[in-house]
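Below is one structure, written out as structure tokens; the observations come after it.
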Amino acid sequence: MTITLPDGSHRSLPDGATGLDLARDISEGLARNALAVEVDGEVRDLNRPLPDGATVAILTWDTDGGKLAFWHSSAHLMAEALEALYPGVRLGIGPPIDAGFYYDVDLSATDKGSLTADDLPAIEAKMKELARAESRFERREVPKAEAVAYFTDKGDPYKLELLEGLADGEITFYSQGGFTDLCRGPHLPSTKPIRAVKLTSIAGAYWRGDETRPQLTRLYGVSFPKQAQLDEHLERLELARARDHRKLGRDMGLFMFSDKVGPGLPMWLPRGAVLRETLVDFLKAEQVRRGYQPVVTPHIGRLDLYRTSGHYPYYRDSQFPAMFEDGDDPVDGATLPHGIAPESRTHERQSDRDGYLLKPMNCPHHTQIYAHRPHSYRDLPVRLAEFGTVYRYEQSGELGGLTRVRGFTQDDAHIFCRPDQVKAEFKDAIDLTLTVLRALDFRDFTAQVSLRDPENTSKYIGDDATWDAAEQAIREAAAECGLQTVEKTGEAAFYGAKLDFMVKDALGRSWQLGTVQLDYNLPERFDLTYVDEHDQRVRPVMIHRAPFGSLERFVGVMIEHTGGHFPLWLAPDQVRVLPITDAQNDYAAEVVAALRAAGLRAEADTRSEKVNRKIRDAELDKVPAMLVVGRREAEAGSVAVRRHGQGDTGVVPLAEAVEALTGEVARGMGRA
Ligand SMILES: [Zn+2]
Ligand SMILES: [Zn+2]
């Protein structure tokens, strides 16, 4: 049979050859590191026979599919250990997750009864012991009756319930050592590669996520081929915990939540507001340079606006309920806000019968700004920018810190352009996003280009030629900006192709930030036009673009990326002046005045503390620049400069220090 490799080359193998045979045929080294195999896009066991004509990739630890098989097998190994330690344990589901695996288990029928975190080391030890047995994972297709008999005999109600949902002919068992599980796979060839294991936490989880069903115990773990990889992973987790933006946001006084105000509604404290406004100023200056025009729109709009845009009622579940929804009884006070006198209600409500919605998106408002006057092909593109706050009703269980909120501000802009301008506008939006990311010291980014599915073009609005040209324009724009891209076919929205930026932070974690998105839909729905060179009214193309995504999410990511040590231009407290004794407090006040006059955010620490204590506190507060002033500095009109991460950098005249700091800020803001 013939197999195609990912690079397009072919290999001939005897019929019945497995993934492992293919790996061996390529190289012994690959065979040693192979964990699973991807057959026509599906991750499978390494030791299953390959189908003739398939495209096959060998998956090692460095691939997502390899990790998936590794962690799924580790979940089975954990279940085997639990059965060995606690006979009678019942098992729910045990899938691989982003980083590791879990298994939901029920110990109520065992002697042990329940588990606590103290039991985890013993389970880990048992897993390692069992892994050393190098048991093979054996896959077996089982008739449904046999599967039901097996779990009835074993007394596992959860597996029996899972079986109810499966049809005869699609049931597979996997066994390793003395353990058998109902499972679709894929798995490693054996337990041998699982050398390093850590059970990380224990939690309660309702069976099938339903709070009326029994509560099971969820055991989380992570495993690696090498101990060093596990150590590094745990160290990174520790760092991530220390950098958690919810913790740092609190410690640094950046933002807060109040139950009285409502969950998912962040409030920016003075320091956080400075950070946020500095980011806004930075982006505004970039936008002025690139020909954007600012606009400001209200936080609500008529329901009819969102019916036209399609945001209502289709996305109703993710929005706050409408105000004065159509059909409300105008004299029924229940849906009216306080403060409207009963006698005026009927009158007030006549014009509002159609109702209003808190805006979930800024785009519909911006279409109306575009449409308020006629446009000629000569005055396109029109680039309307707004830091627009939008509201979405996220489930309360999903709210956490700044990365998932119910009210957030997008650094939004909508570009209305001609089809022949799409490439240039994409290029500028990519360039803008890269400028922003580099200024904030993100070094590692890629972009995902979401294209339409060419097999299923009826799903998409707009004709083939337009799509082909637009997709080509996006590709070329990304290439000309030197941007690494991954293309995902079939991931485009029905209304247009898009490009999403994936950014790696200092701890190597990936975040989805900025986005640039084409839209043929809203111009159609809102009947937007311009007059072309043949005097015809034609549709503009609309581009949505947001380099930060949202200010909330971006600040959350920035906090974790920098650990709260922001660059000088962005730091809420830029400079702290530290007098060595109280005798220099007056001079310190003069220094602060000079810094503030130059536009720097500065304070003096005039507490009667030793200067070392003041330095330590400034470090804890993550102030990037400290100016220490003693008797000599006061007499000479100088300052001793101390920078975070560098230590003392020398004594210089005050004017020189001010100039150096303002210069650094200007460079950081891209203004010098
Ligand atoms: Zn499984
Ligand atoms: Zn938009």
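The single condition from (1) surrounded by fewer than 22 Cβ atoms within 10 Å (Cβ to Cβ); (2) part of a helix (DSSP H, G or I); (3) touching a strand residue (DSSP E or B) at 6+ places or on another chain (Cβ under 7 Å) that THR662 fails is (3). Restricting THR191, THR217 to residues that are among the β-branched types (Val, Ile, Thr), touching a Leu at 6+ places or on another chain (Cβ under 8 Å) and under 15 Å from GLU134 (Cβ atoms) narrows the list to THR191.
Whenever a residue of the range 230-253 is within 24 Å of LEU199 (Cα to Cα), its partners that are among the aromatic types (Phe, Trp, Tyr), lying with C-beta atoms within less than 6 angstrom and at least six residues away or across chains, give the pairs LEU230/PHE224.
On the stretch given as the range 52-82, residues that are part of a loop (DSSP other than H, G, I, E, B), in contact (Cβ under 8 Å) with a residue 24 or more places away in the chain and not hydroxyl-bearing (Ser, Thr, Tyr) total 4. Checked against the criterion of being of a type in the set (Val, Ile, Thr), within 29 Å of LEU440 (Cβ to Cβ) and in a helix (DSSP H, G or I), the range 564-587 has no qualifying residue. Of all residues in the range 515-535, those that are polar (S, T, N, Q) and at pLDDT 95 or above total 1. Candidates are the residues of the range 586-614 that are surrounded by fewer than 17 Cβ atoms within 10 Å (Cβ to Cβ) and among the polar types (S, T, N, Q); the one that is nearest to the chain's Cα centre (by Cα) is ASN612. Scanning the range 56-64 for residues that are under 19 Å from THR217 (Cα atoms) and buried (at least 22 other Cβ atoms within 10 Å of the Cβ) turns up nothing.
Among the residues examined, TYR587 qualifies as within 30 Å of ALA640 (Cβ to Cβ), aromatic (Phe, Trp, Tyr) and more than 16 Å from ligand 2 (Cβ to nearest atom). Kindly establish whether GLY29 is among the small types (Gly, Ala, Ser) and in a loop (DSSP other than H, G, I, E, B). It is false that GLY29 is among the small types (Gly, Ala, Ser) and in a loop (DSSP other than H, G, I, E, B). Taking the criterion of being in a strand (DSSP E or B) and touching a strand residue (DSSP E or B) at 6+ places or on another chain (Cβ under 7 Å), the residues of the range 34-51 that qualify are ALA36, VAL37, GLU38, VAL39, VAL43, ARG44, PRO49.
SER550 meets the conditions (1) polar (S, T, N, Q); (2) surrounded by fewer than 16 Cβ atoms within 10 Å (Cβ to Cβ); (3) touching a residue at least 60 places away in the same chain (Cβ under 8 Å) in every case but one. The failed one is (2).
When residues in the range 364-398 are screened for being over 30 Å from ASP210 (Cα atoms), away from ligand 2 (no atom under 15 Å from the Cβ) and hydroxyl-bearing (Ser, Thr, Tyr), 2 of them pass.
Contact map, the range 173-193: first residue more than 14 Å from ARG48 (Cα to Cα) and polar (S, T, N, Q), second residue more than 7 Å from ligand 1 (Cβ to nearest atom) and in a loop (DSSP other than H, G, I, E, B), Cβ cut-off under 7 Å, separation 6 or more or different chains; pairs are GLN176/SER135; GLN176/PHE137; GLN176/THR191; THR191/ALA133; THR191/GLU134; THR191/SER135.
Selection of the range 169-184 for residues being polar (S, T, N, Q), in contact with a helix residue (DSSP H, G or I) (Cβ under 8 Å, 6 or more places away or on another chain) and either within 10 Å of ligand 1 (Cβ to nearest atom) or under 16 Å from TRP71 (Cα atoms) (or both) yields only GLN176.
The lone criterion from (1) farther than 30 Å from LEU269 by Cβ; (2) more than 16 Å from ligand 1 (Cβ to nearest atom) left unmet by ARG218 is number (2).
Considering GLY88, GLY100, GLY113, the condition of being within 32 Å of the chain's Cα centre (by Cα), on the phi > 0 side of the Ramachandran plot and assigned by TED's automatic domain parsing to the domain that holds LEU162 is satisfied by GLY100 alone. Going through (1) hydroxyl-bearing (Ser, Thr, Tyr); (2) away from ligand 2 (no atom under 16 Å from the Cβ); (3) within 28 Å of the chain's Cα centre (by Cα) one by one, THR581 falls short only on (3).
Could you identify the single residue in ALA429, ALA478, ALA424, ALA469 that is part of a helix (DSSP H, G or I), among the aliphatic types (A, V, I, L, M) and within 16 Å of ligand 2 (Cβ to nearest atom)? Answer to the selection: ALA429.
The values are calculated or read from the model by the stated rules, or taken from the named source; none is laboratory data. Since the model is a prediction, treat every value here as computed from it, not as a measurement. Positions of Cβ are backbone-derived with ideal geometry, glycine not excepted, and every protein chain shown enters the neighbour counts.
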